[in-house]
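*Asks:* First the structure, then my questions, so here it is.
The values are calculated or read from the model by the stated rules, or taken from the named source; none is laboratory data. Note that this is a predicted model, so its numbers are computed, not measured. Heads up, the Cβs are rebuilt from the backbone with ideal geometry, glycines too, and the neighbour counts pull from every protein chain shown. Areas reflect the complete protein model, heavy atoms only, side chains present, ligands, DNA and RNA absent. Shrake-Rupley method; radii C 1.70, N 1.55, O 1.52, S 1.80 Å.
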Amino acid sequence: MKNTEPVLILFVEDDPAHAEIALRNLGKSRLANKLVHVEDGQLALDYLFRQGKYADPKSSPRPHLVLLDLRLPKVDGLEVLEKIRNDKELSNLPVVILTTSDAESDIIKAYKHNANSYLVKPLDFNNFADLMESFGFYWLAFNKFPTL
Amino acid sequence: MAGIENNEKSPKDLLLELEKMQNKIDILESSKKENQKTLEHLTKSEEKFKTLFENITEGVALHELIYDQSGKPINYRVIDVNPAYKTHTGLDPEQIVGKSATEIYGTNIPPYFEKFSTVAISGKAYSFETYFPPMKKHFIISVVSPQQDHFATVFEDITQHKNREEELKQKNEEMARFVYTVSHDLKSPLVTIKSFIGFLKEDMENNDVEALEKDINHIHSAASKMGILLDELLELSRVGRKDDIKSEIPLKEITDAALELVAGRIENSKINIIVTKKPILLNGSKQRLIQLYQNLIDNASKFMGDQQDPIIEIGFDKRDEDMVFFVKDNGSGIDLRYSHKIFDLFEKLDKKTEGTGIGLSLVKRIVETHNGTIWFESEGNGKGTIFYFTLEGTKVEPKEEII
């Protein structure tokens, strides 16, 4: 029932401190995963569409899941999501939003753009730890991924 | 009495007739007085109306309907307009009195014909707001019918009012975006602080001193960042409020002060600065204008990229009627894909540079409080950037002329 193969996550987060928090907490679930971290929307697109410094497919294997912040420099999260959904090959790629905003308008917009899930970074340390642990179990251990 | 002839009247009869005549004269007199009173009344009334007509600030126009042969109203004619009419429409009375609507406006259908004719026929007053394309103006118009088949319009040009409404709407939207941005940008470092405080406990449990130090630094940076954000926001909100306004400040004084503030970075990056020698005088807040130049110059020097021979030029052009200032650099330029975000609060296109990203927001705000506009041109990719802006009330010192 559980996935045995490591899940590759493309983690798009511009704040290095937030990236560290998410990763350290994710690590606690000890679930097999490989993670690529990029710091802005343009790099995320470069990775997914194999352009720029990620032109070589060997440097940019297809991720199973994208963990995406909304407010990013250069190209913002929603635009990245839109480009993924509009692409024939990538349109089924699961995208989980992980962001600071809990504004209703942002949540609605994300789902309108067909995000698979919307998570809000908690202020409380324990809550953030629990969140990442649950995220890990749900997506890495239980969720089945489509072949792209 | 005996011996009275037909035509002769007795003194008594004469007296009676005299009385009757006196009565008639009295009646005529009182009638005349009444008529005079009525005339005075009418005259006063007419004067009242005339005073209103002549002095009212709204435009007033009297019209009558024009009918076709079958008795159907098809047009209307202007009978009279008040002096204010020209103020609101720009049209001269000679151009329009006595003419029909279709003649005046050159249209096939007389403007607002349905509304006007309905009032003229029913006698029921009506008022509405409208945009009138031939004059490119917004009006509020009241229509009333003083007599059958006639109508009068009392109207006002509200174009400015409408524009201000639109401006207010935009400012409110800007405000909402501002609040959203601020709350997000303050929440972010707070998340960091709270999470790393949690990690500190773990580090202590693991006796990991190195991790402890690193995590404390994260907390420290985030707290500092919040402090800076708050300070800058306060600064931004203060622009235009307590600013000390002076007139005829020489541009040189401003640029000298700004360059001094950025001197360190300029020297380190060995940037060549060129400043116009034209004697320009500015009106406004000296402190804010220095801030304006300081931020633009600082930005230019931070984004020199790989430029081996960095130059920043500070100058000014005369374009038609406007005096346009510019700060030009030959650095890395601005990627036009992100150009619409350039003046957004806290928006940094390159995360690795110093600063919170408030600089250009501050610059824009300062320009706006000086009734100017700011824009930029850049071809990106190492081809440099030019920031242009206007400021109200600038002039060149009288003894020099611009060729």
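*Asks:* Contour minus end-to-end for B:K169 and B:K86, with contour as 0.36 nm per residue of separation and end-to-end as the Cα-Cα distance?
*Replies:* Result: 26.8 nm gained on full extension.
*Asks:* With only Lys, Arg, Asp and Glu charged, each at its Cβ (+1 for the first two, -1 for the last two), find how big the charge dipole of chain B is about the Cα centre; round to the nearest 20 debye.
*Replies:* For this selection, approximately 280 debye.
*Asks:* For chain B, take the longest principal axis of its alpha carbons; what is the angle in degrees between that and the long axis of helix B:209-238, to the nearest 10 within 0 to 90?
*Replies:* So the inclination is approximately 30 degrees.
*Asks:* State in Å² the accessible area per residue of region B:105-190; use a 1.4 Å probe, count heavy atoms of protein chains only, and round to the nearest integer.
*Replies:* The answer is 64 Å² per residue.
*Asks:* Heavy-atom accessible surface, probe 1.4 Å, ligands and DNA/RNA ignored: which residues of region A:15-49 lose at least 10 Å² versus the isolated chain?
*Replies:* Checking the loss per residue gives A:D15, A:A17, A:H18, A:E20, A:I21, A:R24, A:K28, A:E39, A:Q42.
*Asks:* To the nearest 20 debye, what is the magnitude of the charge dipole of region A:1-89 about its Cα centre, counting +1 on the Cβ of each Lys and Arg and -1 on the Cβ of each Asp and Glu?
*Replies:* 480
*Asks:* Please give the per residue accessible area of region B:1-92, computed with a probe of 1.4 Å over protein heavy atoms only, in Å².
*Replies:* 83
*Asks:* So what J values fall out for region A:66-75 if you push phi through Karplus, 6.51 cos²θ - 1.76 cosθ + 1.60 with θ = phi - 60°, rounded to Hz, Gly and Pro as x?
*Replies:* Those phi angles translate into 10, 9, 10, 7, 7, 8, 10, x, 6, 10 Hz.
*Asks:* Let's test the formula: R0 of 56 Å, r as the Cβ-Cβ distance of A:D130 and B:N272. What FRET efficiency results, to the nearest 0.05?
*Replies:* Given R0 = 56 Å and the Cβ-Cβ separation, E is 0.50.
*Asks:* Excluding residues fewer than 8 places away in the same chain, name every one of the aspartates and glutamates whose C-alpha is closer than 15 Å to that of B:K72.
*Replies:* B:E64, B:E114, B:D149
*Asks:* Which lysines, on any chain, are close to B:K252 with Cα under 18 Å apart, when same-chain ones fewer than 8 places away are left out?
*Replies:* Filter leaves B:K277, B:K278, B:K286, B:K318, B:K328, B:K395, B:K399.
*Asks:* Can you give the mean number of other chain Cβ atoms that lie within 10 Å of the Cβ atoms in peptide B:194-206?
*Replies:* Mean partner-chain Cβ count within 10 Å for B:194-206: 4.
*Asks:* Does the protein assembly as shown come out rounded, prolate or oblate, given a ≥ b ≥ c as the square roots of the eigenvalues of its C-alpha gyration tensor, rounded meaning a/c under 1.5 and, failing that, prolate meaning a/b above b/c?
*Replies:* Verdict is prolate for the protein assembly as shown.
*Asks:* Using only the alpha-carbon atoms, how far is helix B:159-205 inclined from the longest principal axis of chain B? Give it as 0 to 90 degrees, nearest 10.
*Replies:* Approximately 30 degrees, to the nearest 10.
*Asks:* Let me ask something else. Evaluate the distance, in nm, between pseudo-label points positioned 7 Å from the Cα of B:I66 and of B:Q287 along their respective Cα→Cβ axes.
*Replies:* 6.5
*Asks:* Could I ask something else about it? Return the average number of partner chain Cβ atoms within 10 angstrom of each residue Cβ along peptide A:126-135.
*Replies:* Mean inter-chain Cβ contacts per residue within 10 Å come to 1.
*Asks:* Hey, which of these cross-link pairs are over 22 Å Cα-Cα: B:K169/B:K341; B:K44/B:K115; B:K48/B:K162; A:K112/B:K194?
*Replies:* As for pairs spanning more than 22 Å Cα to Cα, those are B:K44/B:K115; B:K48/B:K162; A:K112/B:K194.
*Asks:* Right, another one. Summarise the accessible area of region B:33-87 (1.4 Å probe, protein heavy atoms) by the percent that is carbon and sulfur.
*Replies:* Ligands and nucleic acids excluded, carbon and sulfur reach 53 percent.
*Asks:* Once you sort the root eigenvalues of the Cα gyration tensor of region A:1-129 as a ≥ b ≥ c, which label holds: rounded (a/c under 1.5), prolate (a/b larger than b/c) or oblate (the other case)?
*Replies:* Judged from the Cα gyration tensor, region A:1-129 comes out rounded (a/c under 1.5).
*Asks:* Along the charge dipole of region B:94-253, pointing to its positive end and built from +1/-1 on Cβ of Lys, Arg, Asp and Glu, which listed residue (B:Y105, B:A222, B:L168) has its Cα farthest out?
*Replies:* B:Y105
*Asks:* Among the residues of region B:299-344, which ones have their accessible area go down by 40 Å² or more when all the protein chains sit together, as opposed to their chain alone (1.4 Å probe)?
*Replies:* Buried by the other chains: B:Y338, B:K341.
*Asks:* What share of the DSSP beta bridges in the protein assembly as shown is antiparallel, in percent to the nearest 5?
*Replies:* Restricted to the protein assembly as shown, the bridges split so that about 70 percent are antiparallel.
*Asks:* Turning to a different aspect of this structure: Name the lysines eligible as straight-distance cross-link partners of B:K12: C-alpha to C-alpha under 25 Å, and not fewer than 8 places from it in the same chain.
*Replies:* Filter leaves B:K20, B:K24.
*Asks:* Next question. To the nearest 10 square angstrom, how much accessible area does B:E114 have with a 1.4 angstrom probe?
*Replies:* For B:E114, the solvent-accessible surface is approximately 150 Å².
*Asks:* Just subtract the alpha-carbon distance of B:K395 and B:Q22 from 0.36 nm times their residue separation and send over the number in nm, one decimal.
*Replies:* Length difference between fully extended and current span is 125.7 nm.
*Asks:* Any chance you could give the angle, 0 to 90 degrees and rounded to 10, that helix B:286-302 forms with the longest Cα principal axis of chain B?
*Replies:* The angle comes out at about 50 degrees.
*Asks:* Please identify the longest segment of chain B free of exposed trypsin sites (Lys or Arg not before Pro), where exposed means a DSSP state other than H, G, I, E or B and no more than 11 other Cβ atoms within 10 Å.
*Replies:* Between the exposed loop sites, the longest stretch runs B:1-123.
*Asks:* Determine, from the Cβ-Cβ distance of A:Q51 and B:D320 and an R0 of 45 Å, the FRET efficiency 1/(1 + (r/R0)^6), rounded to the nearest 0.05.
*Replies:* In this case the efficiency is close to 0.55.
*Asks:* Kindly identify region A:14-69 as rounded, prolate or oblate by the Cα gyration tensor criterion: order the square roots of the eigenvalues as a ≥ b ≥ c, call it rounded if a/c is under 1.5, otherwise compare a/b with b/c, prolate if a/b is larger, else oblate.
*Replies:* Oblate.
*Asks:* Could I ask something else about it? In Å², nearest 100, what accessible area do chains B and A bury in total when the solvent probe is 1.4 Å?
*Replies:* The summed interface area works out to 2400 Å².
*Asks:* Continuing with this model, one more query. Mind ranking A:H18, B:H184, B:H218 by accessible surface for me, highest first, 1.4 Å probe?
*Replies:* So, going from the largest accessible area down, we get B:H218, B:H184, A:H18.
*Asks:* So, for region A:1-94, what is the accessible surface per residue at a probe of 1.4 Å, expressed in square angstrom?
*Replies:* I get 46 Å² per residue for region A:1-94.
*Asks:* Out of B:L251, B:L281, B:L234, whose Cα points farthest toward the positive end of the dipole of the protein assembly as shown (charges: +1 Lys, Arg; -1 Asp, Glu; placed on Cβ)?
*Replies:* Projecting each Cα onto the dipole axis, the largest value belongs to B:L234.
*Asks:* Under the Karplus relation 6.51 cos²θ - 1.76 cosθ + 1.60, θ = phi - 60°, what is the ordered set of whole-Hz ³J(HN,Hα) values for region B:42-59, x standing for Gly and Pro?
*Replies:* Working through the residues one at a time gives 4, 4, 4, 4, 4, 5, 4, 5, 4, 4, 4, 4, 6, 9, 4, 7, 6, x Hz.
*Asks:* Express in nm, to one decimal, how much length is gained between B:D231 and B:V182 on full extension, taking 0.36 nm for each residue of separation and deducting their alpha carbon distance.
*Replies:* Here the segment from B:D231 to B:V182 would lengthen by 16.4 nm.
*Asks:* Here is a further query. Using the Karplus curve 6.51 cos²θ - 1.76 cosθ + 1.60 with θ = phi - 60°, work out ³J(HN,Hα) for each residue of region B:100-110 in order, rounded to whole Hz, and write x for Gly and Pro.
*Replies:* Couplings: 8, 4, 5, 5, 5, 9, x, 10, 6, 10, x Hz.
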